[in-house]
Amino acid sequence: MRSIWNGAISFGLVSIPIKLVNATESHSISFRQIHAEDNGRIRYRKVCELDDREVSQAEIGKGYEDADGTVIPITDEDLTHLPIPTARTIEIVAFVPADRIDPLQMGPAYYLAASGDPAAKPYTLLREALKRSNKVAVAKYALRGRERLGMLRVVGDAITMHGLLWPDEVRAPEGVAPDASVTVRDKELDLADALMDTLGEVDLEDLHDEYREALEEVIAAKAAGEALPEAPEPAAGGKVLDLMAALEKSVHAARESRGGETAAASASAKQAEVSPIARRRSTPKETGGKKSTSTTAKKAAAKKTAAPTKSTSKAAQGTKKTTAGKTTAGKTAAAKTTAAKTSKSTSKATSKSTSKTASEATAKTAAKKTPAKKATSRKRSA
C-alpha cells in the first residue's frame, strides 16, 4: 500500500518513524458526466486566466488569496517551516479510555506503518502499552495544510489512527428531538426489548453493499442489450396508528424469521448426520438377523423332521440370503461368521429333532413286538 504521509510519532522522548497508509477504500461506483445528446464526455480543464491556456498538473501550485484579492504563493518548502511541532510529527498529548471519544468525532482511518528497522522496537513498545492499558492515545498532527486531531488504537498487530473532528466542529443536536413531550409506557418498552432480543446480533463481516451489486447488475444488462431487472414492489407503508400492535407484529415477524433460519439449520444438520446414524444402526440389524435365522432354522427343522438334510440346506440357504442382504460388501468376514454360527445352531437343532424322532420310532416298534412274544408263550404253555 502506498503511503500518503511520512513522519514520526512523538511518544514523550521516544520518536517512532512511521508512514501513513489509508486503512479504508471506497467501492462505490462512480459516474462520468456526459453530453446527453451524443454521450460525449464533459471535462473540466484547468486554464490559466492570465495566459488563457490549459496548464498541466506540474505547473499548478498553492496560493493564498488575501482579502484585497492579492494572491500569496505558498510552496512545499514554505510549509516545512511551520512554527509548530506537528508539521511532520504525530504528537501524542494524552491517553484516555476509548469511551471518552465521541463517535461523532470519528473521521477517516489510517494505518501507521513502522518506517525501517529502527522503528520496530519503539513501535512494538507503544502497541503493547496501548494493549495493556486498554486506552487510546489522543494526538495532534498536520496533514493537507491544517493541523488535525487523531486517536491511536491497536487493530491486530498494527497501530491505527482515526482522524477526529475538533470538539467545536461537532454541532449540537438542537431542534432535532421532537418538541412535544412524549410518554412511553412500560409495556411498549418491554415489547421493544423483546424485539431487540429477537433480532439479536449480526456479524458485520456478513453485511455487504446490496445497492452497488444491484447497480452492477443494471449496468451489465444495459451493456449486453438485455432487459433491465425488475425492481421489487415497495413495502406497504402507512401511518403507525397503534404502536403496541406494530411492536407485537414486529416481534412475531422477527421470531418467525429466526425460527425459519433455525429450522433450516436443524434440517441441514440432520442431513449431515444421516450416514453416521445408518452406520450405528447396522449392528443391531445384524444381531436381529442372527436371531431370526436361528429361529427360522429351528422351526423348519421341527416341521420337516423326516427330511433333516433338505430342511437344513434350505435354512442354510435362507440364512445366507438374509445375511447377504443385510451385510455390506465390506463386512464379508462378519457374514461368514454369522453363516457358520447359523449352520452350527441349525445342525444342533436338526440332530436333536432327528434323535428324538428315532427314539420315538424305536419305542413304538418295541411296543408292537412285545404283545406278539406274550401270545406265543401262552400258546406254548397251552
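The values are calculated or read from the model by the stated rules, or taken from the named source; none is laboratory data. Not measured: the values here are computed from a predicted model. Using ideal geometry, Cβ is built from the backbone for each residue, glycine included, and neighbour counts are taken over all protein chains shown. Accessible surface areas use protein heavy atoms only, side chains included; no ligands, DNA or RNA. Shrake-Rupley method; radii C 1.70, N 1.55, O 1.52, S 1.80 Å.
General observations
- Residue 5/residue 206 FRET efficiency (R0 30 Å; Cβ-Cβ; nearest 0.05): 0.35
- Between residue 146 and residue 70, the contour length at 0.36 nm per residue exceeds the Cα-Cα span by 25.2 nm.
- Residue ranking by accessible heavy-atom surface, 1.4 Å probe, largest first, among 38, 168, 102 comes out as 168, 38, 102.
- When the Cα gyration tensor is reduced to axis lengths a ≥ b ≥ c, the ratio a/c is 1.5 or higher for the stretch 89-165, and with a/b not above b/c it is classed as oblate.
- Protein-only accessible surface order, largest first, of 257, 3 at 1.4 Å: 257, 3
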